[in-house]
1. Quick check, is residue 39 within 22 Å of residue 65 (Cβ to Cβ) and assigned to a helix (DSSP H, G or I)?
2. State all residues of the range 50-77 that are assigned to a helix (DSSP H, G or I), touching a helix residue (DSSP H, G or I) at 6+ places or on another chain (Cβ under 7 Å) and either touching a residue at least 60 places away in the same chain (Cβ under 8 Å) or within 15 Å of residue 23 (Cβ to Cβ) (or both); if no residue qualifies, say none.
3. Any idea which of 41, 91 is modelled with pLDDT under 90 and surrounded by 10 or more Cβ atoms within 10 Å (Cβ to Cβ)?
4. Test residue 42 against the stated conditions and say whether it is without any contact (Cβ under 8 Å) to a residue 60 or more places away in the chain and closer than 14 Å to residue 24 by Cβ.
5. Determine, yes or no, whether residue 107 is in a loop (DSSP other than H, G, I, E, B) and either over 19 Å from the mean Cα position of the chain (by Cα) or modelled with pLDDT under 90 (or both).
6. Using the structure shown, decide if residue 83 is free of Cβ contacts under 8 Å to residues at least 12 places away in the same chain and assigned to a loop (DSSP other than H, G, I, E, B).
């Protein structure tokens, strides 16, 4: 399996796990079967780390993606700013010094006619 396929499989698995976790935490524990939260807390012990993992707070599941979205937007903005800051500026036509006499001489010269060769004997 190529490296790209392995990375793709990893991204797929992580996305699937996050989808299942959010479905469990928001849909099943909050909307479909709210009494299931007490069952999970009684199995793992209320207030323990495992109970907070298997019965997460719905507020955390709502706040976390919003915070991550803001974080990603800020990082992209910082990246754009850093790129603009470190990229050398290009010269504008106003900054370039032209020799106007040389430019006029080049434009007034007649180009050779197409199809004619210079040495026609």
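The values are calculated or read from the model by the stated rules, or taken from the named source; none is laboratory data. In this text, all values refer to a predicted model and were calculated from it rather than measured experimentally. Ideal geometry is used to build each Cβ from the backbone, glycine not excepted, and the neighbour counts take in all protein chains shown.
1. For residue 39, the condition - within 22 Å of residue 65 (Cβ to Cβ) and assigned to a helix (DSSP H, G or I) - is not met.
2. If the condition is that a residue be assigned to a helix (DSSP H, G or I), touching a helix residue (DSSP H, G or I) at 6+ places or on another chain (Cβ under 7 Å) and either touching a residue at least 60 places away in the same chain (Cβ under 8 Å) or within 15 Å of residue 23 (Cβ to Cβ) (or both), then 54, 58, 61 are the ones that fit.
3. Result of the check over 41, 91: 41.
4. no
5. no
6. Considered against the rule, which asks whether it is free of Cβ contacts under 8 Å to residues at least 12 places away in the same chain and assigned to a loop (DSSP other than H, G, I, E, B), residue 83 comes out as no.
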